[in-house]
Amino acid sequence: MSRRLFVNLGENSYDIFIEDGLIGRVGEAIRRIYAGQKVFIITDENVHRLYGKTVEDSLKNAGFVTDTLVMPAGEATKSFESLPVIYDKLLKFQLNRKGLIVTLGGGVIGDLGGFAAATFLRGVPFIQIPTSLLAQVDSSVGGKVAVDLPQGKNLVGSFYQPKAVLIDPKVLSSLSDHFFRDGMAEVIKYGCIQDAAFFEKLSGLKSRTEAMENMEEILHTCCHIKKTIVELDEKDLGERMLLNFGHTYGHAVEKYYRFERYSHGEAIAIGMAHITRISEAKGLTEKGTLQKILNILQNWGLPIQVDISDPDKILGAIMLDKKNLNDRLKAVLLKKIGESFLYDTTPGFFQSNL
Ligand code: GLY
């Protein structure tokens, strides 16, 4: 079976295709939406080893001329410093504004390649082929592209929508358990913020195998929630902030441990538990919600709290968050599972001895 979602953003609209085995048919899929000849692929070493040849062959068989840039795997690649390397290779390939960039990889490659596409020649079309669970359910959809500066993550970026997102659930079988779990934290987030029935369904899944058996539907539900929110608030001024449930505290935890101890999904899991612990204690969240979240996170082997010796440093990281204005921030809280809202508060809200 295959699924298709239309992201309705006026002249920046596009389709998300979710289809088992699509990685071997990307050439045909791209041929239907791109009339040009040249395709420049940006990927990383790990993904290239697994899927590079499949994607290149599929594109060539569909009549495209390709060139591939293989970057080192890992967050360091998302640095501003990577951009000249990409621009140089694009110039040598003589890609013009009628060309196409394809990002093949996880969130790092999607964000970096998307930003290169947004800026090279003032904008070249690009297509996302996300290969991690986290990228398939979150970063590949919605047009947030960025690179990191030494001062912080995602500090230089843009809203630049892809021309399509091609998702093959089958590629998730090559993810390590760690990265699968990592993506599940974002999947669980969608149930928390918007879909109680989906949360119940996820709570009933007992293993990665069971999740994979339902993956097409899981990806479809997550991408449907994301695209609906992005359609309402492309530029992240209102509803889109709901996607950041667990992220304010989670980002601070990631920073506090210098991005070494917890991966993004793990930190988000801690963040979702932390904020719900506080909001339920304050009577802002229906009683019993926290326990449901703790149960599902623990079921997936995700952490639910950190042992922090100096909570002020976590608060310090929250205060420095670029989204805060005059010491005010919008905390994403749950009324109950499946219903979220923005709560105007201060960083002190996150301090808790619970
Ligand atoms: N990852 C959150 C967003 O796309 O807004």
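Some notes on this structure:
- The Cα center of the range 25-66 and the Cα center of the range 104-130 differ in position by 14 Å.
- Whole-angstrom Cα spans of the range 171-274 along principal axes, big to small: 35, 34, 24
- Amide hydrogen neighbours beyond the local backbone of Ile41, cut-off 5 Å, H modeled: Asp67, Thr68, Leu69, Val102
- Nearest 10 degrees, 0 to 90: helix 177-194 Cα axis against the chain principal axis: 70
- For Val7, distant residues with modelled amide H under 5 Å away: Tyr14, Asp15, Ile16
- Total charge dipole magnitude, the range 134-218, about the Cα centre, Cβ charges on Lys, Arg, Asp, Glu only, Debye to nearest 20: 220
- Diffusion constant of the range 111-150 at 25 °C, which comes from Stokes-Einstein with the Kirkwood Cα-pair radius and 0.890 mPa s, µm²/s: 228
- If R0 is taken as 22 Å, the Cβ-Cβ distance between Gln298 and Lys170 corresponds to a FRET efficiency of 0.20.
- Mean separation of Cα contacts under 8 Å, 6 or more apart, over the residue count of the range 11-120: relative contact order %: 33
- When the alpha carbon gyration tensor of the range 1-95 is reduced to an equivalent ellipsoid, the three semi-axes, largest first, read 24, 17, 16 Å.
- Under-5 Å amide H pairs with Phe126, H placed in peptide plane, nonlocal only: Ile101, Lys163
- The angle between the Cα long axis of helix 264-281 and the longest principal axis of the Cα atoms of the chain comes to about 30 degrees, rounded to the nearest 10.
- Degrees between helix 311-320 axis and first principal axis of the chain (Cα, 0 to 90, nearest 10): 50
- Both radii are taken from the alpha-carbon atoms of the range 196-240; with Rh as the Kirkwood radius, Rg/Rh is 1.12.
- Probe 1.4 Å, protein heavy atoms only - accessible area per residue of the chain in square angstrom: 44
- The alpha-carbon of Lys226 sits under 16 angstrom from the alpha-carbons of these lysines, leaving out residues fewer than 8 places away in its chain: Lys144, Lys189, Lys235.
- When both the range 146-178 and the range 208-285 are represented by their alpha-carbon centers, they are found 15 Å apart.
- Cα Rg, Dmax, the chain, angstrom units: 19.9, 61
- Estimated vicinal HN-Hα couplings, Hz - the range 91-103 in sequence order (Karplus 6.51, -1.76, 1.60; Gly, Pro = x): 5, 5, 7, 6, 6, 10, 5, 8, x, 9, 9, 10, 9
- The phi-based Karplus calculation (6.51 cos²θ - 1.76 cosθ + 1.60; θ = phi - 60°) puts the 3J(HN,Hα) values of the range 68-85 at 10, 10, 9, 9, x, 7, x, 4, 4, 5, 7, 6, 3, 5, 6, 4, x, 4 Hz, whole numbers, x for Gly and Pro.
- Stokes-Einstein diffusion coefficient of the range 129-191, Kirkwood radius over Cα pairs, 37 °C, 0.692 mPa s, in µm²/s: 253
- Per residue of the chain, the DSSP helices (runs of n ≥ 4 H) give a summed -39500 (n - 2.57) that works out to -12000 deg cm²/dmol at 222 nm.
The values are calculated or read from the model by the stated rules, or taken from the named source; none is laboratory data. Because the structure is predicted, anything quoted here is derived from the model rather than measured. Virtual Cβ from ideal backbone geometry, glycine too; neighbours counted across all protein chains shown. Ligands, DNA and RNA are stripped out before the accessible areas are found, and what is left, the full protein with its side chains, is counted by its heavy atoms. Shrake-Rupley method; radii C 1.70, N 1.55, O 1.52, S 1.80 Å.
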